[in-house]
Amino acid sequence: MIRGAAVASLLLCLVSAAAANPLTPVQYERIVAQAAKQLDHAADRGSSGQADAIRALQQVPARVDVRAETGVPLLRVDNRALLRRLGSEVRSGPGGMQAAARTLRSLEDGLKLQGPPPPAGAQRVLRDVLSRPEFRETWWERLQRRVTAWVMNFIASLLSHLPKPGRAGVWLMVVLWSALALAGLIIIAAAISLLRKPRRRVRRERRAEPAAPVGLSHLDWLAEAARAAEAGDHRAAVRAVHMAALAKLDEVGVVSFDRAATDARYVGLLREKGRGELAAVLTKLNRLFAAVWYGSAPARGAEYAAAQEGWRELEVLAAT
């Protein structure tokens, strides 16, 4: 009876619990970490720790709103299905409590690795980028795909109409089938090779587009940004600020500039070196640059001002 009452109390709390006010990612992470820690302690006590394990799970809100930054849309999190599963594990004994704690620690790790939220309109920008000609199937690629499909259907049809071999002709039929299968594989491999080459070329061109000429310092890029902004070319001004940030990171020795490296690679290197705040600021600059340079987001004075603000934050963090 006591166990049933405890379980019923847990389910009632999980269904009705919801945060009155939005939580920050750090607050949400602390709640999850505290619940995982208490689950570990309850597991150490064996079966007598089940009540404490249930109370630990009750700390995790069933539904909660998380807001990363002011002005950013809320992220609505629904943990009800997760908590029902964890409740079942907790009721199974100490091993289940430990498994529930591991699940919550995995959730905690995921919250730590999350970067800042995407800017407003990111989905629209991504949709606009993917609608560009280089991301659409050309008539030549469609023709290759259809020819390949027709050849494969023809081979399959031919094989289905071949007579079943008798004892005398079994080896002849095996050789014939093998030759047809080999021909089909060669055709497929050739078609795949032709389809991949144009796409690889496009990717190389897109990666090389924002690369910085050798020898320009961050001061050179900031001067270029100011000239572009004065001329009304805020798209080029945002790009120049972005390149100034990469040059600054290279000059202070945080990461080395590499013409072939992607923006995500720079962010990953910063996180590997324990420079999480610097990685977060660079991520915001990267997203702003990608939106105005590759996408169709507007490039106006407001975007240039946002890029300059990101640059100032990065400059301070890079100097520490």
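A short reminder: the numbers here are calculations on the coordinates, not readings from a lab. These numbers come from a predicted model, not from an experiment. Cβ: placed from backbone, ideal geometry, glycine included. Neighbour counts: every protein chain shown.
Across region 218-318, Cα-Cα pairs more than 19 Å apart make up 36 percent of the total. When you count the other C-beta atoms within 10 angstrom of each residue and take the mean per peptide, 90-99, 231-240 line up highest first as 231-240, 90-99. A crude spin-label estimate for the pair V147 and R259, with each label 7 Å from Cα along the Cβ direction, gives 3.6 nm. Note on T320 and D78: with the Förster distance fixed at 41 Å, the Cβ-Cβ geometry gives a FRET efficiency of about 0.55.
Annotation for region 268-310: trypsin sites (Lys or Arg not before Pro) lying in DSSP loop with at most 16 further Cβ atoms inside 10 Å of their Cβ are K273, R300. Over all alpha-carbon pairs in region 268-320, figure out the percentage whose distance exceeds 16 Å. Cα-Cα pairs of region 268-320 separated by over 16 Å account for 43 percent. Cβ-Cβ distance of A305 and N21, R₀ of 45 Å, FRET efficiency by 1/(1 + (r/R0)^6): the value works out to about 0.90.
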